[in-house]
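Asks: Could you have a look at this structure, given as structure tokens, before my questions?
Each reported figure results from applying straightforward, stated rules to the coordinates on display, with no laboratory input. These numbers come from a predicted model, not from an experiment. With ideal geometry, Cβ positions are generated from the backbone for all residues, glycine too; neighbour counts draw on all protein chains shown.
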Amino acid sequence: MAGKLAAQGAGILLVTANVGSLFEDPENLQKTWLREFCQTVQAHRPLFVALHCQEVGGKNYEASMTHVDSFIKELLSSDALKDFSRARVYLDKNYQSQEQFTALGCCYFIHESLKNIQQFDFKAKKFRKVVGKEVCSDALPSAAMLEKEKFPQDYFPEVRHSVLCLAFDLVNIHLFHDASNLVAWEKSPSVYSGTRQKALGFVMDRITDQRFERLPYFIFGDFNFRLDSKQVIESLCSTASVQTVRSADTNEVDKLIFRDNETHLFNLLLLFISVSLLEFDRELSVFKERLHELDISFPPSYPYSEDSSQGKQYMNTRCPSWCDRILMSASARDLLVKPENEEKLITYDNIGPNVCMGDHKPVYLYFRLNTGAGKPHANKHKCCVVQ
């Protein structure tokens with residue numbers, strides 16, 4: 001999507017949300033999620049909202065994809081967005097085309113006070129004025145406003161993931177998860193971390209290549225960044241003995257149990273940590289010269305309980321991690337207005353800290369646009385899709 005958010009100090013709200021849980025319990029989780037999202041919009045009163053979703057339709061998308069349309073309808077008709085006269089919604093729901101299916105969704109809402117917003121047409125290679133509200137879900141591969149391609153298959157042949165990017169640039173990304181806690185623990189950094197690093201490098205090369213003029217970019221989505229499991233375990237269990245538990249059927253290692261003087265029990269598959277974890281959050285360090293992030297002050301965004309009555313409880317399946325992030329280039333960071341005495345004009349936080357939002361807490365960045373920081377066209381944004 002390409003636009004001109006030319007008003008100095010215009011409020012911008014960027015949100016990333018893995019919404020997979022919502023479509024499996026729409027009666028409880030969707031209502032709570034929408035309420036918390038709308039309260040965030042109303043609290044900050046932005047003029048432009050970008051919502052990047054992952055796992056649209058849920059983990060069991062064949063059964064729950066039918067709930068997506070009602071979710072989007074509720075979102076578009078909400079009181080919080082009533083003054084947003086233009087919207088563009090892109091949803092990849094075509095799970096029958098497994099070679100192209102991404103389960104990504106991008107929603108962009110433009111306030112009525114913003115004028116002359118434009119969207120980039122990749123086929124015509126020019127900007128077109130945005131008028132009204134449109135939802136596109138049936139023909140994403142042929143949509144003129146999107147580019148779509150897959151990650152090279154040798155990156156991770158069993159998993160489908162994609163990147164949908166809007167450039168000013170805005171990039172929606174969903175990287176590979178840790179398939180096994182045990183494998184993740186074997187080495188530091190883990191093999192999964194290396195795969196994510198390779199994929200993110202591919203995406204960054206793609207959005208900064210020579211096909212289009214290079215612009216500031218924000219990348220926000222589910223990066224699936226995990227803590228360095230081996231370092232976490234060694235730090236917490238440095239004096240512990242290790243018990244290996246094998247499956248009765250296959251004799252493969254099923255779990256590792258760490259015992260410390262018989263008084264503390266650490267199960268690698270049932271790990272809860274009460275110490276500070278940020279020192280073990282290291283995957284982004286590889287890109288420290290190319291990607292920037294505001295200081296994190298919120299708890300790990302994953303994996304929260306999907307029980308609608310448990311808003312602060314983590315599940316016992318994974319070590320808590322900051323999977324959901326909002327990153328930016330150096331030139332995009334310059335677009336954030338930061339007056340010396342108005343620190344609260346920039347907020348980097350999660351949504352719904354006290355209620356159940358699914359297994360991921362949405363993460364948002366609110367800031368006011370500093371249009372004087374970039375080139376005259378730096379507030380135009382175009383979009384492409386990479387899988």
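Asks: In whole Hz, what ³J(HN,Hα) sequence does region 294-308 give by Karplus (6.51, -1.76, 1.60; θ = phi - 60°), x for Gly and Pro?
Replies: Ordered by residue, 3J(HN,Hα) equals 6, 4, 8, 10, 9, x, x, 8, 7, x, 7, 4, 8, 6, 4 Hz.
Asks: Next up: Taking the simple approach of a point 7 Å from Cα along Cα-to-Cβ for both Asp349 and Asn316, what is their distance in nm?
Replies: 3.2
Asks: So which trypsin sites (Lys or Arg not before Pro) in region 24-63 pass both tests, a DSSP loop state and at most 11 other Cβ atoms within 10 Å of the Cβ?
Replies: Numbers: sites: Lys31, Arg35, Lys59; in loops: Lys59.
Sparse-neighbourhood loop trypsin sites (Lys or Arg not before Pro): none present.
Asks: Count charges around Glu134 for me, please; just the other residues with Cβ under 15 Å from its Cβ, Lys/Arg as +1, Asp/Glu as -1.
Replies: Working: positive: Lys73, Arg86, Arg88, Arg128, Lys129, Lys133; negative: Asp69, Asp121, Asp138.
That works out to +3.
Asks: Do the alpha carbons of any pairs in Lys73/Lys93; Lys82/Lys312; Lys59/Lys93; Lys198/Lys288; Lys93/Lys198; Lys31/Lys129 sit beyond 22 Å of each other, and which pairs? Before the final figure, lay out the partial values.
Replies: Values: Lys73/Lys93 15 Å; Lys82/Lys312 31 Å; Lys59/Lys93 12 Å; Lys198/Lys288 15 Å; Lys93/Lys198 26 Å; Lys31/Lys129 33 Å.
In this structure, Lys82/Lys312; Lys93/Lys198; Lys31/Lys129 lie more than 22 Å apart at Cα.
Asks: Give the calculated FRET efficiency between Ser276 and Gln42 to the nearest 0.05, with a Förster radius of 41 Å applied to their Cβ-Cβ distance. Don't skip to the end; give the middle numbers.
Replies: On the way: r = 33 Å, r/R0 = 0.79.
Using R0 = 41 Å, I get an efficiency of 0.80.
Asks: Continuing with this model, one more query. Considering only C-alpha atoms, what is the centroid distance from region 106-129 to region 46-68, in Å?
Replies: Distance between centres, Cα-based: 22 Å.
Asks: Next up: Lys and Arg at +1, Asp and Glu at -1: add these up for the other residues within a Cβ distance under 10 Å of Gly358 and post the number. Please list the in-between numbers first.
Replies: Numbers: positive: Lys361; negative: Glu24, Asp25, Glu55, Glu306, Asp359.
Here the count lands on -4.
Asks: Ranked highest first by the average count of other Cβ atoms within 10 Å around their residues, in what order do 21-30, 171-180, 281-290, 109-118 fall? Each step should come with its number before you reach the end.
Replies: Numbers: 21-30: 19.5, 171-180: 21.5, 281-290: 14.4, 109-118: 16.9.
Per-residue mean Cβ counts within 10 Å order the peptides as 171-180, 21-30, 109-118, 281-290.
Asks: Okay, next question. Taking θ as phi - 60°, what are the ³J(HN,Hα) couplings along region 177-183 by the Karplus curve (6.51, -1.76, 1.60), each to the nearest whole Hz, with x for Gly and Pro?
Replies: 8, 7, 6, 9, 4, 5, 5
Asks: Using θ = phi - 60° and the Karplus curve 6.51 cos²θ - 1.76 cosθ + 1.60, what whole-Hz ³J(HN,Hα) does each residue of region 85-101 get, with Gly and Pro shown as x?
Replies: 3J(HN,Hα) across region 85-101, in whole Hz: 7, 10, 8, 10, 10, 10, 10, 9, 10, 7, 6, 6, 9, 4, 5, 10, 5.
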